[in-house]
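Beneath this line is the structure, given in structure tokens, with notes to follow.
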Amino acid sequence: MAKMKKIKNCFMDEQPNFEFDVVVDDDVIAKCHALTPRDWSYIKKHAYDKLALENGEVKVDIVPYQLQICMVYKALDEWAFDRPIGIDSVNMLGKKYREAIYEQINKHEEEFNAQKEAIAKNS
């Protein structure tokens, strides 16, 4: 049997910017990670309200607030607040911090996905 060559950098968490800090007012308030396929599965299950088939096309009704709290909850690894990370805690988090975390997750997702595509093209 031929010896297999080890393939490197094929896991999401091996990418240099998989984890990132969320900064508000020059303070790191959270540490997050890029959303994984499993995270997205959870998000879709809890933030997509109605699925319907119309003219052979799947129509989805996304609940924006639920999408926001689910994305924040699933991306968080650590935060600077005195409650444990949980969907209920994210829901109770003040708008300033919740929206700041959400916006930085979205920005990071765009950059991370662009990086993944560039790596895939060069492989």
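The values are calculated or read from the model by the stated rules, or taken from the named source; none is laboratory data. All values reported here derive from a predicted model rather than from experimental measurement. Because the Cβ atoms are built from the backbone with ideal geometry, glycine has one as well, and the counts that use them run over all protein chains shown. Remember, those area values only see protein heavy atoms, side chains included, never the ligands or the DNA or RNA. Shrake-Rupley method; radii C 1.70, N 1.55, O 1.52, S 1.80 Å.
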Set Lys107, Lys44: member being basic (Lys, Arg), open to solvent by 80 Å² or more (accessible area, probe 1.4 Å) and at pLDDT 95 or above: Lys107
Taking segment 1-18 as the region of interest, how many residues are aromatic (Phe, Trp, Tyr) and either out of contact with any strand residue (DSSP E or B) (no Cβ under 8 Å at 6 or more places or on another chain) or modelled with pLDDT under 85 (or both)? 1
For segment 1-41: of the residues being farther than 25 Å from Leu67 by Cα and among the aliphatic types (A, V, I, L, M), which is most open to solvent (accessible area, probe 1.4 Å)? Met1
Out of all the residues in segment 67-74, is one or more within 24 Å of Gln115 (Cα to Cα), among the polar types (S, T, N, Q) and not in a helix (DSSP H, G or I)? no
So which of Ala52, Ala80, Ala47 is closer than 26 Å to Gln115 by Cβ and either among the β-branched types (Val, Ile, Thr) or in contact with a strand residue (DSSP E or B) (Cβ under 8 Å, 6 or more places away or on another chain) (or both)? Ala47
Just checking, which of Val22, Val90, Val60 is more than 18 Å from Phe112 (Cβ to Cβ) and within 17 Å of the chain's Cα centre (by Cα)? Val90
